Amino acid sequence: MVMSVLDEVESGLVVLDKDFHAQFINRAFYQMWELPKLSDGGIYSFADIVEHGRRTGLYITAPGSVQDYVRQRKGRLRLSDGRILKFACKALPDGGRLMTFDDISGFVRAAEQLRELADVDELTKLPNRRQFLRSLETEFARVQRYDRPLSVLMIDADDFKLINDRHGHFAGARCCRRSAVSRAAGMSPQAQGSLL
């Protein structure tokens, strides 16, 4: 009964004995790891499971460096299809291990989107003030370290308020986006002026 209940858990579960042979693998792990069930009733070793993932291209790493790969990811495994699994390994009293795997791809994507929202201006898609100041601090530290000059260019759109007042905020937003694109692309001032 316990095993059938664990088969319904959404997290991938692998129970290994002290010799690192799988005593139980739940349905979720079979699916997320694309691991075929053994028809002869045999059991997988942990090495078999790792090798299957590497051989099928589920994740990319050299055969001898799986432990380093896992250690460097600090409990996360990025799969070749873009999914990110959080894994944990807990020692059991009999010397075995309980390994859990959770697909956290959605959480990681949401965190990346929040990070981008915090650093990028929504209208222009250019780095915002917060990101600019962080970059400026980094560059200032670098020029001090290497005793090099630093220049900062500031661009001001003259009479920008008039664009909003005469043509509306939609036109002002369009002007900002075009100006940002042209400046980011390094266009000449004459070409930039033609866009405005």
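Could you list, in sequence order, all residues of region 29-41 that are under 20 Å from residue 6 (Cβ atoms) and not basic (Lys, Arg)?
29, 30, 31, 32, 33, 34, 35, 36, 38, 41
Can you pull out every residue in region 3-21 that is of a type outside the set (Lys, Arg) and in a loop (DSSP other than H, G, I, E, B)?
Those that are of a type outside the set (Lys, Arg) and in a loop (DSSP other than H, G, I, E, B): 7, 8, 9, 10, 11, 17, 19, 20.
Would you mind stating whether residue 124 is β-branched (Val, Ile, Thr) and in contact (Cβ under 8 Å) with a residue 12 or more places away in the chain?
Spelling it out, residue 124 is indeed β-branched (Val, Ile, Thr) and in contact (Cβ under 8 Å) with a residue 12 or more places away in the chain.
List pairs: first residue in region 39-68 and at pLDDT below 80, second residue assigned to a helix (DSSP H, G or I) anywhere in the structure, Cβ distance under 7 angstrom, at least six positions apart or on different chains.
The qualifying pairs are 59/53; 61/54; 61/69; 63/54; 66/50.
Only helices (runs of 4 or more DSSP H) wholly contained in region 91-196 count here; list those with 3 or more residues that are surrounded by 12 or more Cβ atoms within 10 Å (Cβ to Cβ), out of contact with any Phe, Trp or Tyr (no Cβ under 8 Å at 6 or more places or on another chain) and modelled with pLDDT under 85.
Helices (runs of 4 or more DSSP H) meeting the threshold: 169-184.
The values are calculated or read from the model by the stated rules, or taken from the named source; none is laboratory data. All values reported here derive from a predicted model rather than from experimental measurement. Because the Cβ atoms are built from the backbone with ideal geometry, glycine has one as well, and the counts that use them run over all protein chains shown.
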